[in-house]
Amino acid sequence: MREFDFEAPASEKWGEGLVSVDAGVPLDLEVRLESVHEGILVSGSASTEYSGVCGRCLTDITEPLQVEFQELFAYPGEEATDFEVQDDHVDLETLVRDAIVLSLPFQPVCQPDCPGLDPATGERLTGSTGPEQGESLDPRWAALKDYTTDHDEEAPRLRVENTEES
Ligand SMILES: [Zn+2]
């Protein structure tokens, strides 16, 4: 059994979504190679960081990422496999890339309770979501809101006038 700690850059941009690991971003790798009957069992972890934008407010984000991986690299035989020992080497790139791409968040957020963008103004909301969302009003309802307010204010006055007349 052999263990290796080393650093290597991402060979290309990994990830197609809102966030990705960019080409050249360093990966800290801890790899353990175990000789088994069928081949070489590779297990380890990779630490790196992904960057992109928050899925709600589009702020740029960079977050740490750590993934674990394990795969049996078979000695070349009659059956072709995805992972094979070639010339006494194991190529970890596909293994590490797949582990990282699969663990990238599909809906990344800058913070767990990111309030996102104001649906009316497109401005980035800050703080709690309650009051801001309550105040945002569809423009088509704005006239009705004014009408209702005026009506409520005038109603008592009308009643007072009626009382004086009677
Ligand atoms: Zn956000």
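Pairs are defined by a Cβ separation below 6 Å, a sequence spacing of at least 6 or placement on different chains, a first member in region 68-90 that is β-branched (V, I, T), and a second member that is not in a loop (DSSP other than H, G, I, E, B); the pairs so defined are T81/A74; V85/G39; V85/I40; V85/F73; V90/I40; V90/V42; V90/F73. Could you say whether any residue in region 43-51 is on the phi > 0 side of the Ramachandran plot and within 16 Å of the ligand (Cβ to nearest atom)? No, the conditions are met nowhere in region 43-51. From the list S166, S103, S136, S128, pick out the single residue that is modelled with pLDDT of 85 or more and among the hydroxyl-bearing types (S, T, Y). Checking each option against the conditions leaves just S103. Pairs linking a residue in region 97-125 that is in contact (Cβ under 8 Å) with a residue 40 or more places away in the chain to a residue that is of a type in the set (S, T, N, Q) and assigned to a loop (DSSP other than H, G, I, E, B), with Cβ atoms under 6 Å and 6 or more positions apart or on different chains, are C110/T59; P115/T129.
Yes/no matrix, rows are residues, columns are (1) buried (at least 19 other Cβ atoms within 10 Å of the Cβ); (2) at pLDDT below 95; (3) over 30 Å from L125 (Cβ atoms):
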{"site": "P9", "(1), (2), (3)": "no, no, yes"}
{"site": "V19", "(1), (2), (3)": "yes, no, no"}
{"site": "L29", "(1), (2), (3)": "no, no, yes"}
{"site": "L41", "(1), (2), (3)": "no, no, yes"}
{"site": "T48", "(1), (2), (3)": "yes, no, yes"}
{"site": "V53", "(1), (2), (3)": "no, no, no"}
{"site": "Y75", "(1), (2), (3)": "no, yes, yes"}
{"site": "D87", "(1), (2), (3)": "no, yes, yes"}
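Residues checked against (1) modelled with pLDDT under 90; (2) closer than 30 Å to F6 by Cα:
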position: C57; (1), (2): no, no
position: D60; (1), (2): no, yes
position: E78; (1), (2): yes, no
position: V160; (1), (2): yes, no
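The values are calculated or read from the model by the stated rules, or taken from the named source; none is laboratory data. All of these numbers come straight from a predicted model, not from anything done at the bench. All Cβ positions, glycine included, derive from the backbone under ideal geometry; neighbour counts span all protein chains shown.
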